[in-house]
């Protein structure tokens, strides 16, 4: 793992911000695994690692398009074209070339799954330990829907002093406004805050852009080439540096 920068130890950290998906919680079953399995069944080989970035980008595309005009309200041909673009965007991360029919088959198979969220085993122990140390903890997430019921169900609510979403900030990570809104809610300076997330371009670049320390959570050791930020394998590793 990368060592934390020297200045990290010289500044009193007061707030820890977290991404939600693939950081505090994940889909059950994990979407990356389902896309790998489904694609393989249709003769398309992709690796789970390659889907981490493209899934996040495709989700933003899906959400923004749905806001512009709900997909289910679109004419059949336009709806079909949207699904093809969405799946093609996801698999582009693995540099997989697929035809429109295969994209639609993948979409249909993946859509047949019943999805729910589950938290990681290290999530609540880490949040409880941070709260015990008197630190402010919160969420910075690229979502537009109200997730409070989900956070409550997962047991996260007691540990989230603040939440900032794309809907509230009017922009997505890595735009600075969403991180600045979190700092305002946490009532801390940028150098007094850490942001932990699994997406380098969204979480780390965004946090660093406003002066926060970005910590990459790389649970599966997919990104050893990332060396310009602290990189951890488990949330509990954060406790070693507070």
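The values are calculated or read from the model by the stated rules, or taken from the named source; none is laboratory data. Nothing here was measured: the structure is a model prediction, and the numbers come from that model. Reconstructed Cβ throughout: ideal geometry from the backbone, glycine too, with neighbour counts over all protein chains shown.
For residue 216, indicate whether it is closer than 15 Å to residue 22 by Cα, buried (at least 19 other Cβ atoms within 10 Å of the Cβ) and free of Cβ contacts under 8 Å to residues at least 24 places away in the same chain.
In short, yes.
Need the failing condition index for residue 166 against (1) more than 22 Å from residue 72 (Cβ to Cβ); (2) under 15 Å from the mean Cα position of the chain (by Cα), just the number.
(1)
Whether any residue in the stretch 139-149 is at positive phi and not in a strand (DSSP E or B) is what I want to check.
No, the stretch 139-149 has no match at all.
Tell me yes or no: at least one residue of the stretch 181-203 is part of a helix (DSSP H, G or I) and without any contact (Cβ under 8 Å) to a residue 12 or more places away in the chain.
yes
Given the residues 145, 157, 199, which is the only one that is more than 30 Å from residue 225 (Cβ to Cβ) and either in contact with a helix residue (DSSP H, G or I) (Cβ under 6 Å, 6 or more places away or on another chain) or not assigned by TED's automatic domain parsing to the domain that holds residue 237 (or both)?
157
Here is a yes/no grid of residues against (1) assigned to a helix (DSSP H, G or I); (2) closer than 29 Å to residue 152 by Cα:
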{"position": "33", "(1), (2)": "yes, yes"}
{"position": "38", "(1), (2)": "yes, no"}
{"position": "43", "(1), (2)": "no, no"}
{"position": "50", "(1), (2)": "yes, no"}
{"position": "56", "(1), (2)": "yes, yes"}
{"position": "61", "(1), (2)": "yes, yes"}
{"position": "65", "(1), (2)": "yes, yes"}
